[in-house]
Ligand code: AHR
């Protein structure tokens, strides 16, 4: 509708801002000067930019602050800087860019490109010489067929390293200052003077750069399409007619695993979330380092306090229950009466009449081992439950009691009062509702688990996300630390800046999957930490040392044995000891999570992948293709997967609702002979990370395209899944919660409608709308699937328009078994957050009508013969 007009306006605007004037065809030069540079703006985060000139005097910036290459080194914020980029075209026509990263590391960065637009993987070669690496310069030495990178350091010394291939480098050697030749120019751009390199290039090179910039601007406009513009965009649009014709003869099989869930311990999703434990910091293992020292109160005493007089509460680590859990509390009571109190996670919620299992390890250090009074106390309602346990003498001993709440309350705390004086050691204090999901011991919070189960997810991904690969090598999630008795598990810092108790570990995860009838999809680190790591090794450069990789690979193979091995195997036996002799039937494993695809990554990924293929060919391995739907990691990840014939890859994209509306053909173009896709993380949002019915409808519409491409897209999971109110590190999330309420978002209901109405056959259909403008047609989506088990035909219809669509559906000969069908509709004000699916019964036949309200998603489930 208004799109052509918008496009023309934008092109004119772009041409004016890009080139300073509109070039007529006859003005186009054969060649021109291309100037490459980076600015110091935005803490050097803006990357490689270009300007062009015919005469080296009048310069035209190609998109102000528009970057063609960004540095991927280190964490966001302080790193990912491109300082003094040096662009160089080699004798084979390949462009190389080297740049300095910061003023402390002995590292520079390198990337190469054939067209200055698509850049291959970055590498960050380590240098042994110099105080740091500043102003690197690249030259090619044809006599030796060698590239030389020379650089300066903070002490005004100069060094050089040589390489054939940018993979292995000679060791750096010092050179005289005169040998450091840096052909950098300083030119005046409209924004000020900048340093960079000058290259004379054919006009086609510049033209391509300009067109690329223009295309990006067009996409930004498209992706910014929001329903708030609909009054203008669809002014005068009236109720539409749609003729929908299903084509059963063209039915194709699709994945029956399409909708699953992504579980990561982010936003307190595990401790203080799905994991049923009600005591916070039960093991006194919170550390300052969990929050990188930013919160002084985040230490072993967090969530605990002492009330009353004549007593002290300290933390000790002299003789712990287990070395993995080295801290414990020491309560020194002079005169009985003082109490140690735990505040839970924003308080503890209990329900009248329900039973709670309390347990603790105690050891009397001196004085008389007496009794410990355990109470649940509500701020407003007083004591709601109490029990007394015996304190152990001299050796750590586990004690337990059951507390029954006399009333419901959400403001409860746990109170422990020694009844005798003396020094008492306490650790692993736990309070669990007996009513966990499926009454599992050490199980899941029932209401949250039920909300997840109600999606009917075909799989559950775990433990992330970034939690899988961690912040630095030491923080990589090691599954073996998360099994066995709770006191022997190894808690650690959570990458999202809090603490992970490992109480919800691999056993609990596998069991939960079984309880909800979902396949487990564990994701393990590919031998590299998160690409934004801030601790140790500077991101991907710090891959697990190759000398330790065999052991790491074995750990991953052991995970498969833990899940599936016979009880006579080492790890199968451990599973049996945990209470599950039968295998968990693991079929998938993800290796890597949106990693930076470097040589460091590829070497390690290949090792794990090959071992997995050799030892467990029955397991489907899922590779990784970066954090975005495009870009270097996406291209390089796909390249690795294609070369290695990885069966499936994990794609991630968090985009605007406009992106989802405008990219419904994303998978239509995918090569069916390559890896299958697991869309492992996605969500639509509006500016400011907002979600509402609009974003949910964009997801519903996009999911029609996933079903259509269910032959190449095997799995998908919205992310993140859970978020505790007041503790979110990431928005949007699918389900918010507090201690007593579960608050599903509209996005949840979309997932649920897809999960509960999945099929394993896709029936193509055509839609003829009474208005054929693209802006209209792309906002109406349909997907028809059949569940071959029930023979139900499921018609999903998304209408993202401000007007109703009256549809005539022709099932083209499919025999309807029951003329009553259930239609479930999600609709409302697109800006609203409260829409919920509403069911009704409608009449259906081989040909039937369905009215799609404005801004709605409709699912019709039809019984067929
Ligand atoms: O889903 C939240 C985070 O998004 C995941 O941990 C990470 O993989 C992605 O960047």
### Query
Taking the stretch 78-97, which residues are free of Cβ contacts under 8 Å to residues at least 40 places away in the same chain and touching a helix residue (DSSP H, G or I) at 6+ places or on another chain (Cβ under 8 Å)?
81
### Query
On the given criteria, is residue 600 over 17 Å from the mean Cα position of the chain (by Cα), under 30 Å from residue 702 (Cβ atoms) and surrounded by 18 or more Cβ atoms within 10 Å (Cβ to Cβ)?
no
### Query
Out of curiosity, is residue 234 touching a helix residue (DSSP H, G or I) at 6+ places or on another chain (Cβ under 7 Å), within 26 Å of residue 774 (Cα to Cα) and away from the ligand (no atom under 16 Å from the Cβ)?
no
### Query
Tell me, which residue of the stretch 206-238 that is outside any helix (DSSP H, G or I) and at negative phi is farthest from the chain's Cα centre (by Cα)?
238
### Message
Can you tell me which of (1) in a loop (DSSP other than H, G, I, E, B); (2) within 16 Å of the ligand (Cβ to nearest atom); (3) in contact (Cβ under 8 Å) with a residue 60 or more places away in the chain is the one residue 629 doesn't meet?
### Response
(3)
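I'd like to check something: does the stretch 346-355 contain any residue that is in a strand (DSSP E or B), crowded, with 23+ Cβ neighbours inside 10 Å and under 36 Å from the mean Cα position of the chain (by Cα)? Reasoning before the result, please.
Filtering the stretch 346-355 for residues in a strand (DSSP E or B) gives 347-350, 355.
Cutting the leftovers down to crowded, with 23+ Cβ neighbours inside 10 Å gives us 348, 350.
Filter once more, so that each one left must be under 36 Å from the mean Cα position of the chain (by Cα): 348, 350.
Yes: one or more hits.
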### Summary
Among 324, 310, the single one that is out of contact with any strand residue (DSSP E or B) (no Cβ under 9 Å at 6 or more places or on another chain) and farther than 30 Å from residue 832 by Cα is 324
### Task
Find the residue count for the stretch 755-777, including only residues that are in a loop (DSSP other than H, G, I, E, B) and surrounded by 18 or more Cβ atoms within 10 Å (Cβ to Cβ).
4
### Task
Could you please find all residues in the stretch 103-120 being touching a helix residue (DSSP H, G or I) at 6+ places or on another chain (Cβ under 6 Å) and at pLDDT below 95?
none
## Note on the structure
Checked 100, 123 against criteria (in the same structural domain as residue 139 (by TED's automatic domain parsing), touching a helix residue (DSSP H, G or I) at 6+ places or on another chain (Cβ under 7 Å) and either modelled with pLDDT under 95 or surrounded by 22 or more Cβ atoms within 10 Å (Cβ to Cβ) (or both)); the one match is 123
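Within the stretch 272-307, how many residues turn out to be outside any helix (DSSP H, G or I) and at negative phi? Walk me through it before giving the result.
Of all residues in the stretch 272-307, those outside any helix (DSSP H, G or I) come to 275-287, 292-307.
Those still in the list that are at negative phi too: 275-280, 282-283, 285-287, 294-302, 304-307.
The qualifying residues number 24.
Can you tell me which residue within the stretch 187-205, out of those that are outside any strand (DSSP E or B) and at pLDDT 95 or above, is nearest to residue 99 (Cα to Cα)?
If we filter the stretch 187-205 for residues that are outside any strand (DSSP E or B), which is where we start, we get 190-191, 203-205.
Applying the additional criterion that residues be at pLDDT 95 or above yields 203-205.
On the way: 203: 26, 204: 26, 205: 22 Å.
Within the stretch 187-205, the match that is nearest to residue 99 (Cα to Cα) is 205.
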### Message
Just checking, does the stretch 731-739 include any residue being touching a helix residue (DSSP H, G or I) at 6+ places or on another chain (Cβ under 8 Å), closer than 30 Å to residue 241 by Cβ and away from the ligand (no atom under 16 Å from the Cβ)?
### Response
no
### Message
Which count do you get for residues in the stretch 487-502 that are more than 16 Å from the ligand (Cβ to nearest atom) and either closer than 22 Å to residue 736 by Cβ or surrounded by fewer than 20 Cβ atoms within 10 Å (Cβ to Cβ) (or both)?
### Response
5
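How many residues, within the stretch 616-626, are within 16 Å of the ligand (Cβ to nearest atom) and not in a loop (DSSP other than H, G, I, E, B)? Full working, then the answer.
Filtering the stretch 616-626 for residues within 16 Å of the ligand (Cβ to nearest atom) gives 622-626.
Among the residues that remain, those that are also not in a loop (DSSP other than H, G, I, E, B) are: 622-624.
Selection size over the stretch 616-626: 3.
Could you check the stretch 796-865 for strands (runs of 3 or more DSSP E) lying wholly inside it with 1 or more residues that are within 39 Å of the chain's Cα centre (by Cα) and closer than 21 Å to residue 690 by Cα? First the steps, then the outcome.
Numbers: elements: 805-810, 820-827, 838-843, 847-852, 856-863.
Hits in the stretch 796-865: 820-827, 856-863.
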### Query
In the stretch 382-406, what residues are exposed (fewer than 15 other Cβ atoms within 10 Å of the Cβ), closer than 29 Å to residue 738 by Cβ and touching a strand residue (DSSP E or B) at 6+ places or on another chain (Cβ under 8 Å)?
383, 400, 402
### Residue check for residue 178: without any contact (Cβ under 8 Å) to a residue 40 or more places away in the chain, surrounded by fewer than 13 Cβ atoms within 10 Å (Cβ to Cβ) and assigned by TED's automatic domain parsing to the domain that holds residue 93
yes
### Message
Tell me whether the stretch 252-271 contains one or more residues that are more than 16 Å from the ligand (Cβ to nearest atom) and at positive phi.
### Response
no
### Message
I'm checking my understanding of the structure. Among residues of the stretch 429-469 that are surrounded by fewer than 22 Cβ atoms within 10 Å (Cβ to Cβ) and on the phi > 0 side of the Ramachandran plot, which one is nearest to the ligand (Cβ to nearest atom)?
### Response
456
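Taking the stretch 586-615 on its own, how many of its residues are in a loop (DSSP other than H, G, I, E, B) and either free of Cβ contacts under 8 Å to residues at least 24 places away in the same chain or within 16 Å of the ligand (Cβ to nearest atom) (or both)? Steps first, please.
First, pick out the residues of the stretch 586-615 that are in a loop (DSSP other than H, G, I, E, B): 586-587, 592-598.
After this cut, where a residue has to be either free of Cβ contacts under 8 Å to residues at least 24 places away in the same chain or within 16 Å of the ligand (Cβ to nearest atom) (or both) as well, the list is 592-597.
Total satisfying the criteria: 6.
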#### Entry: Residue within the stretch 561-582 that is within 30 Å of residue 289 (Cα to Cα), in contact with a helix residue (DSSP H, G or I) (Cβ under 7 Å, 6 or more places away or on another chain) and either away from the ligand (no atom under 16 Å from the Cβ) or outside the structural domain of residue 469 (by TED's automatic domain parsing) (or both) present
no
### Message
When you scan the stretch 696-717, do you find a residue that is at pLDDT 95 or above and within 12 Å of the ligand (Cβ to nearest atom), even just one?
### Response
yes
### Task
Return a yes/no flag: does the stretch 744-754 have any residue that is under 21 Å from the mean Cα position of the chain (by Cα), part of a loop (DSSP other than H, G, I, E, B), within 16 Å of the ligand (Cβ to nearest atom) and surrounded by fewer than 16 Cβ atoms within 10 Å (Cβ to Cβ).
no
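The values are calculated or read from the model by the stated rules, or taken from the named source; none is laboratory data. Keep in mind that this is a model prediction, so the values were computed, not measured. Methodologically, a virtual Cβ is constructed for each residue, glycine included, from the backbone with ideal geometry; neighbour enumeration extends over all protein chains shown.
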